[in-house]
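Report on the structure given below.
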Ligand SMILES: Nc1nc2c(ncn2[C@@H]2O[C@H](COP(=O)(O)OP(=O)(O)O)[C@@H](O)[C@H]2O)c(=O)[nH]1
Ligand SMILES: [Mg+2]
């Protein structure tokens with residue numbers, strides 16, 4: 001299902017079209033009355049905390065051993081926003097098939113399907129293995145998932161004196177690959193800011209822009225046929241202990257409390 005037209009039309013009627021400033025080929029974006037989001041990423045980059053930042057309350061538990069998707073709702077500037085937090089994948093070992101199934105279930109928890117997958121990546125070192133594991137797990141949703149994905153950078157405060165753009169350039173081809181897959185859609189979230197703050201509204205506008213560009217939301221039913229069996233390449237004998245529950249240790253950039261990058265609306 002490529003279109004969310006009834007929703008968009010209704011929303012457009014209610015709020016009118018918006019033009020994206022500074023973009024000559026600007027597409028019309030619509031203020032959606034409802035936005036459905038699924039948060040993805042490996043374990044511990046800040047998926048649940050990002051969910052809390054969006055919801056504006058401590059609704060998602062920050063737990064290393066999360067096994068199940070959790071859904072919460074709130075209202076953001078007149079929109080009904082649903083956030084599905086997923087357990088994520090293991091960064092240092094194979095993800096058990098049952099975890100993969102739960103991950104995929106996330107997309108069907110917000111029917112008829114998410115407007116956006118928020119792919120959470122902590123600022124810092126992003127390796128070839130990270131890229132391969134990210135690709136393996138994101139592609140469980142089918143290739144078309146990329147049309148509906150925005151990278152959310154967390155831990156941006158570690159950047160201190162360099163801009164996010166410079167970090168992206170410096171980080172190299174693995175991170176570039178991910179950004180290219182989602183047409184360089186990314187957004188920096190500051191998880192230290194809680195409650196009322198324009199960043200959440202800006203993120204919703206970014207989602208609305210993507211929905212307008214891509215012509216709708218992600219329909220889990222449609223992708224079903226192209227999906228590979230979940231247990232392909234899985235070795236059931238593998239140890240399923242959690243090893244991946246840690247933030248990616250990053251960068252040598254050092255920690256700072258000062259956030260020096262602004263949320264982007266590219
Ligand atoms: N400094 C910093 N810590 C963060 C950020 N996002 C998450 N965290 C912390 O990282 C840990 C893991 O966060 P959590 O949301 O549970 O990760 P999840 O496994 O991806 O859901 C928690 O201790 C959070 O407080 C961030 O942007 N900056
Ligand atoms: Mg979590």
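The values are calculated or read from the model by the stated rules, or taken from the named source; none is laboratory data. What you are looking at is a predicted structure, and each value in this text was computed from that prediction instead of being measured. Cβ atoms come from the backbone with ideal geometry, glycine included; neighbour counts cover every protein chain shown.
One table, with the values for the structure above:
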{"quantity": "Boolean, residue 117 is more than 15 Å from the chain's Cα centre (by Cα), at pLDDT 95 or above and surrounded by 22 or more Cβ atoms within 10 Å (Cβ to Cβ)", "calculated": "no"}
{"quantity": "Residue tally, condition farther than 24 Å from residue 222 by Cβ and either out of contact with any helix residue (DSSP H, G or I) (no Cβ under 9 Å at 6 or more places or on another chain) or surrounded by 24 or more Cβ atoms within 10 Å (Cβ to Cβ) (or both), over the stretch 130-157", "calculated": "5"}
{"quantity": "Single condition residue 192 does not satisfy, out of (1) part of a loop (DSSP other than H, G, I, E, B); (2) touching a residue at least 60 places away in the same chain (Cβ under 8 Å); (3) closer than 21 Å to residue 35 by Cβ", "calculated": "(3)"}
{"quantity": "Residue count, the stretch 30-82 (criterion: within 23 Å of residue 108 (Cβ to Cβ), more than 16 Å from ligand 2 (Cβ to nearest atom) and either in contact (Cβ under 8 Å) with a residue 60 or more places away in the chain or assigned to a loop (DSSP other than H, G, I, E, B) (or both))", "calculated": "7"}
{"quantity": "Hits in the stretch 56-82 (condition: within 12 Å of ligand 1 (Cβ to nearest atom) and within 30 Å of residue 31 (Cβ to Cβ))", "calculated": "58, 59, 60, 69, 70"}
{"quantity": "Residue that is farthest from ligand 2 (Cβ to nearest atom), among those in the stretch 123-135 that are closer than 19 Å to residue 46 by Cβ and outside any loop (DSSP other than H, G, I, E, B)", "calculated": "131"}
{"quantity": "Number of the condition not met by residue 38 [criteria: (1) at pLDDT 95 or above; (2) more than 19 Å from residue 198 (Cα to Cα); (3) surrounded by fewer than 19 Cβ atoms within 10 Å (Cβ to Cβ); (4) more than 12 Å from ligand 1 (Cβ to nearest atom)]", "calculated": "(3)"}
{"quantity": "Of all residues in the stretch 101-122 being in a helix (DSSP H, G or I) and within 16 Å of ligand 2 (Cβ to nearest atom), the one that is farthest from residue 204 (Cα to Cα)", "calculated": "102"}
{"quantity": "Conditions (1) modelled with pLDDT under 95; (2) touching a helix residue (DSSP H, G or I) at 6+ places or on another chain (Cβ under 9 Å): number failed by residue 32", "calculated": "(1)"}
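Quick grid of which residues meet (1) surrounded by fewer than 17 Cβ atoms within 10 Å (Cβ to Cβ); (2) at pLDDT 95 or above; (3) within 16 Å of ligand 2 (Cβ to nearest atom):
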| site | (1), (2), (3) |
| --- | --- |
| 167 | no, yes, no |
| 176 | yes, yes, no |
| 186 | no, yes, no |
| 192 | yes, no, no |
| 211 | no, yes, no |
| 236 | yes, no, no |
| 248 | no, no, yes |
| 255 | yes, no, no |
| 265 | yes, no, no |
